[in-house]
Amino acid sequence: MFEGFETRWVQLDDASVFVRHGGEGPPVVLLHGHPRTSSTWHRVAPLLVRRGFTVVCPDLRGYGRSRGPAATEDHAAHSKRAVAGDVVAVMRTLGHDRFGLAGHDRGGAVALRLALDHPGAVSRVALLDCLPLTEHLSGITAEFATRWWHWFFFAQPDIPERVINADADSWYRGDARSMGRENHAEWREATRNPDVVRAMLEDYRAGLTIDKRHEEEDRDVGRLVRCPALVLWSLKDDLEDLYGNPVEVWRRWTEDVRGHGIDSGHHMAEQAPEALAASLADFFADEPE
């Protein structure tokens, strides 16, 4: 995977972030979702390099090979604000003060927070298979609660760790053929690590508490994403079924947004890499002189 890319750990005040980076040209950061690692981008990242970009793929705080601090009672140590700060610091360490940004799933929540908290750092943002957390939580339906029940299970103290760690392979099921052998092996190693499982659960606990409050504060003061935004969603997943056209939801959070569906299941970077890379490359290349 990632032929021609370099790997390193970036040491921050309270986190150690594992990152893959390669290519030459305008920088683009790719943020993975749950329960993946940066290796989920192994088919997309080389395609973006060929299109003339520098591509940076970090493991989010606590996921994969990245490590963060111990969990805190208020979950702030694993908040999207904390993780967004990691990404900005990593990019500055690599020599990039401003960059394009794409986030999938939970990485999309980090991308939103980063674009809101650090608007000067983000030139363009792509939001993949995600909505603001408060859009989900402010209108919970029985259908949403049934399909996305894991959000609320993960928020329980201690119980989900015990359940998942008892048989992580049965809980986190993946297919080596569709994921790619090396990506699957990296993902499987991560999900078998109790420290990683705890951090991934803290991500969800933060989502229902401190992250929710941060988004509510943004909404109360009318804070919007100022840079151009691209919304992409998997046509074979349930986001459009639950919410209609996701672009219309994102209009409440952005000044300039466009988007379309991708013919894929939820893990579009693995299942439809060519279509995803083409959409991202066209979007990030569309910069004014």
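The values are calculated or read from the model by the stated rules, or taken from the named source; none is laboratory data. Given the structure is predicted, the values throughout are model-derived calculations rather than measurements. Because the Cβ atoms are built from the backbone with ideal geometry, glycine has one as well, and the counts that use them run over all protein chains shown. Surface accessibility is based on the protein's heavy atoms, side chains included, excluding ligands, DNA and RNA. Shrake-Rupley method; radii C 1.70, N 1.55, O 1.52, S 1.80 Å.
If you filter the stretch 68-87 down to residues that are surrounded by fewer than 22 Cβ atoms within 10 Å (Cβ to Cβ) and among the acidic types (Asp, Glu), you find that the one that is nearest to the chain's Cα centre (by Cα) is ASP74.
Scanning the stretch 44-67 for residues that are buried (at least 21 other Cβ atoms within 10 Å of the Cβ) and of a type outside the set (A, V, I, L, M, F, W, C) yields PRO58, ASP59, ARG61, GLY62, TYR63, GLY64, SER66. Of all the residues that make up the stretch 88-108, how many are within 19 Å of PRO35 (Cα to Cα) and either open to solvent by 10 Å² or more (accessible area, probe 1.4 Å) or assigned to a strand (DSSP E or B) (or both)? Of the residues in the stretch 88-108, 5 are within 19 Å of PRO35 (Cα to Cα) and either open to solvent by 10 Å² or more (accessible area, probe 1.4 Å) or assigned to a strand (DSSP E or B) (or both). Applying the selection to the stretch 14-51, what residues are assigned to a strand (DSSP E or B) and of a type in the set (Phe, Trp, Tyr)? The answer is PHE18, and nothing else. Go through the stretch 174-198 and give me each residue that's part of a helix (DSSP H, G or I) and either of a type in the set (Asp, Glu) or in contact with a His (Cβ under 7 Å, 6 or more places away or on another chain) (or both). The answer is ALA176, GLU182, ASN183, GLU186, GLU189, ASP195.
When restricted to residues that are free of Cβ contacts under 8 Å to residues at least 12 places away in the same chain and farther than 23 Å from ALA82 by Cα, the stretch 210-242 contains 1. Within this structure, THR7 fails the test of being free of Cβ contacts under 8 Å to residues at least 24 places away in the same chain, within 25 Å of PRO132 (Cα to Cα) and open to solvent by 10 Å² or more (accessible area, probe 1.4 Å). Once the stretch 109-150 is narrowed to residues that are open to solvent by 10 Å² or more (accessible area, probe 1.4 Å) and among the polar types (S, T, N, Q), the residue that is nearest to PRO58 (Cα to Cα) is SER123.
Listed here are the residues, each with its yes/no results for (1) in contact with a helix residue (DSSP H, G or I) (Cβ under 7 Å, 6 or more places away or on another chain); (2) buried (at least 22 other Cβ atoms within 10 Å of the Cβ).
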| residue | (1), (2) |
| --- | --- |
| SER170 | no, no |
| SER178 | yes, no |
| ASN183 | yes, yes |
| THR191 | yes, yes |
| THR209 | no, no |
| ARG226 | yes, no |
| MET268 | yes, yes |
